[in-house]
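Chemist: For reference, the structure I am asking about is given below.
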Amino acid sequence: MNRYLEGLSFPDDLKKMSYDELELLSYEIRDFLLEKVSRTGGHLSSNLGAVELSIALHRCFDTPDDKLIWDVGHQTYVHKLLTGRMDGFDGLRQMGGMSGFPKRSESPYDVFDTGHSSSSISLALGMAAARDIRGEDYEVVSVIGDGAMTGGLAFEALNNVGNLDSRVIIILNDNGMSISHNTGGFPMYLNKLRSSGRYIAAKKRMKKNLSRIPLVGKGVVAGMQHARDTLKYAMIDGVIFEELGLRYFGPVDGHNIRELCETLELVKRSSGPAFIHVITKKGKGYSKAEEKPNVFHGIGPFDVKSGKPDKSAGGLSYSKTFASKLTEMAEEDDHIVAISAAMMEGTGLDIFQKRFPARAFDVGIAEEHAVTFAAGLARAGMKPFVAVYSTFLQRAYDQILEDVCLQELPVTLCIDRAGIVGADGETHHGIFDISYLKHMPNMTIMAPRNGEMLQAMMELAASCEGPCAIRYPRGAAPLTGKTATVEPGRAERLREGNDVDIWALGNMNDKAMEAAALLEERGIRAGVTDMVFARPLDSDALREAASSHRLIVTLEDNVLTGGIGEEVNDLLVNEKVRVVNIGWPDAFIEHGTCEELYEKYGMSGAAIAERIAKELEGQT
């Protein structure tokens, strides 16, 4: 029974509850999250670790007047629960239901739509500066994880804090992980702060002893800031946050509500920008998630007792197929290296890392650095493969253009989660990569329709003297059992048909074949051609198809604006053939299952067949 969750009005009632009641509430919240997320899937570990912190924030601040900005936002389930959205959890991440990320359209408590890492400090500074200009009075709080702190944008914002000197509160939710365990110098520095037992113990003893002094004890404690700073500098080398112009508070036990609230109240009474270092445990309260926080970071429906997913993934994924093939290639070629931006497990590269630890690089949440780092490796004679999700690769646009393409370097971008990805929604759909890569000089872009094609494309990329991109979707990679070959710049005909020729890229070939079969039932002869390459297009084969068909249809799991369809239109503008482009509209696509979204936006096999039939009917 959810006594507090169902009987109280949040967040207002948090201010009236005792610390014992708040602790009981934290247990209810974890039980609630396990019950709901085990049914819908979602981001579990990060939310279990942020329960007490979320409670303390809404208890100590007057939201929504005070502004809470959550970095990435996948840890906001508790925030949503405490701001009147308990009923929304049955539809969490379901089409038409509640988002798994902050959404301004959902609630005034959601200040900013977030989904990518490292932006919250910049956002908080911007809002604080606007508040100051307008003479308003409210707190602005950024909640950022230690994984997000490895991103360059976070450091750019920190560098600006002291210069602006606006009142802003930055809370570091430090659990030692992003999705994988964090690597690099900054996480090592945090670990030093996290484990500075001498300082923490001395601080607690000083506070306890001084508080016992009659009449003046509490006042003395409040006035010991200078002594606290002296103690800290004596026991912890290089407190970087203080040097950047922030007052540093912590480390604080992120699962002790009383300590969190006392720290937040102390910070509220202080002046200037502040940095609160909070230590939490990812997956807190659920043993399966505590043992394997990366597995439960983002998970589908699962059995709470065993921790096992409700159903299998349905075969070897594109990510695993990629990683297995790259590892195999690296056995034969010691020039091959692998790079990931805090996604070794997510991209499958943990396999490669175990076999070749000296040739595997996890650079943290730093996509820009990952690409330029790869350029340096390539310039020095290596063959770097950079595995990154499509939606995150957007951040490295300039580095791809200037440091890879301009230099004509053999860097291979392995673009995972290309196309729509389902329940994570707008911020995570990878439907823009063709548009932002296709116009770059020297770039070759490929997309496989099955696992064997992916392997063949990787071999081709390893032999290229210039930049290559291979985009592949989330989910299982179909296997045919036959060795595939990829001829540079050449499309591949999959099916003959004289009425219409469907030119599809990558995973859209399955939709094309389905549509062709449905059209055949209606007496329409549909051919299907796998484009194979988004750049360069097989212009000779396209013109030949245009000369022998009434209709050419392009299919791409990308927005139409700047996509392959536009280039086909330009190529065939003088040909006597009608061209129809099918892809995602010029919009941000909401969350839902991939099949639901394909159906809604006219990109399912049946919808494509219906569209083609109507187009042909209009020509008669």
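Chemist: Need pairs with beta-carbon distance below 9 Å; first residue farther than 24 Å from L597 by Cα and among the charged types (D, E, K, R) and within region 427-443, second assigned to a loop (DSSP other than H, G, I, E, B) and open to solvent by less than 30 Å² (accessible area, probe 1.4 Å); sequence gap 6+ or separate chains.
Modeler: Pairs found: K438/G562; K438/G563.
Chemist: Shifting gears a bit: Show me the helices (runs of 4 or more DSSP H) found entirely inside region 549-620 where at least 3 residues are more than 30 Å from R93 (Cα to Cα).
Modeler: Working: elements: 564-571, 594-600, 605-619.
Correct list: 564-571, 605-619.
Chemist: Something else now. On the given criteria, is F392 open to solvent by less than 50 Å² (accessible area, probe 1.4 Å), part of a helix (DSSP H, G or I), closer than 20 Å to R471 by Cβ and touching a His at 6+ places or on another chain (Cβ under 9 Å)?
Modeler: Values: open to solvent by less than 50 Å² (accessible area, probe 1.4 Å): yes; part of a helix (DSSP H, G or I): yes; closer than 20 Å to R471 by Cβ: yes; touching a His at 6+ places or on another chain (Cβ under 9 Å): yes.
Against the criterion (open to solvent by less than 50 Å² (accessible area, probe 1.4 Å), part of a helix (DSSP H, G or I), closer than 20 Å to R471 by Cβ and touching a His at 6+ places or on another chain (Cβ under 9 Å)), F392 qualifies.
Chemist: Confirm whether S118 is more than 25 Å from N159 (Cβ to Cβ) and either surrounded by 22 or more Cβ atoms within 10 Å (Cβ to Cβ) or among the aliphatic types (A, V, I, L, M) (or both).
Modeler: Here the answer is no, as S118 does not meet what is asked.
Chemist: Here's a follow-up. Restrict the check to region 597-619 and report whether at least one residue is without any contact (Cβ under 8 Å) to a residue 40 or more places away in the chain, at positive phi, surrounded by fewer than 22 Cβ atoms within 10 Å (Cβ to Cβ) and not β-branched (V, I, T).
Modeler: yes
Chemist: Among the candidates L57, L5, L53, L34, single out the residue that is in contact with a helix residue (DSSP H, G or I) (Cβ under 6 Å, 6 or more places away or on another chain), touching a residue at least 24 places away in the same chain (Cβ under 8 Å) and of a type outside the set (S, T, Y).
Modeler: Exactly one residue qualifies, and that residue is L5.
Chemist: Which one is most open to solvent (accessible area, probe 1.4 Å), of the residues in region 299-328 that are of a type in the set (S, T, N, Q) and in a loop (DSSP other than H, G, I, E, B)?
Modeler: S312
Chemist: So, one more: Return the residue satisfying two criteria in turn: it lies in region 583-596 and is hydrophobic (A, V, I, L, M, F, W, C) and open to solvent by 10 Å² or more (accessible area, probe 1.4 Å), and of such residues it is nearest to A418 (Cα to Cα).
Modeler: C594
Chemist: Among the residues of region 1-14, count how many are of a type outside the set (D, E), in a helix (DSSP H, G or I) and at pLDDT below 95.
Modeler: Adding up the residues that qualify gives 4.
Chemist: Test D110 against the criterion of being within 24 Å of H277 (Cβ to Cβ), over 16 Å from the mean Cα position of the chain (by Cα), in a loop (DSSP other than H, G, I, E, B) and among the charged types (D, E, K, R), and give yes or no.
Modeler: When the stated conditions are applied, D110 does not pass them.
Chemist: Would you pick out the residues in region 535-548 that are in a helix (DSSP H, G or I) and out of contact with any helix residue (DSSP H, G or I) (no Cβ under 9 Å at 6 or more places or on another chain)?
Modeler: D540, A541, E544, A545, S547, S548
Chemist: Return the residues of region 552-578 that are crowded, with 20+ Cβ neighbours inside 10 Å and either over 30 Å from S99 (Cα atoms) or basic (K, R) (or both); say none if nothing qualifies.
Modeler: Of everything in region 552-578, those that are crowded, with 20+ Cβ neighbours inside 10 Å and either over 30 Å from S99 (Cα atoms) or basic (K, R) (or both) turn out to be I552, V553, T554, I564, G565, E567, V568.
So that you can scan it fast, the table gives a plain yes or no per residue for (1) out of contact with any Leu (no Cβ under 6 Å at 6 or more places or on another chain); (2) surrounded by 20 or more Cβ atoms within 10 Å (Cβ to Cβ); (3) in contact (Cβ under 8 Å) with a residue 12 or more places away in the chain; (4) at negative phi:
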{"site": "P488", "(1), (2), (3), (4)": "yes, no, yes, yes"}
{"site": "R493", "(1), (2), (3), (4)": "yes, no, yes, yes"}
{"site": "W503", "(1), (2), (3), (4)": "yes, yes, yes, yes"}
{"site": "G506", "(1), (2), (3), (4)": "yes, yes, yes, no"}
{"site": "D510", "(1), (2), (3), (4)": "yes, no, yes, yes"}
{"site": "L518", "(1), (2), (3), (4)": "yes, no, yes, yes"}
{"site": "G523", "(1), (2), (3), (4)": "yes, no, no, no"}
{"site": "G527", "(1), (2), (3), (4)": "yes, yes, yes, yes"}
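The values are calculated or read from the model by the stated rules, or taken from the named source; none is laboratory data. Keep in mind that what you see is a predicted model, and the values were worked out from it rather than measured. No Cβ is skipped: glycine too gets one built from the backbone with ideal geometry, and neighbour counts run over all protein chains shown. Ligands, DNA and RNA are excluded from the accessible area calculation, which covers all protein heavy atoms including side chains. Shrake-Rupley method; radii C 1.70, N 1.55, O 1.52, S 1.80 Å.
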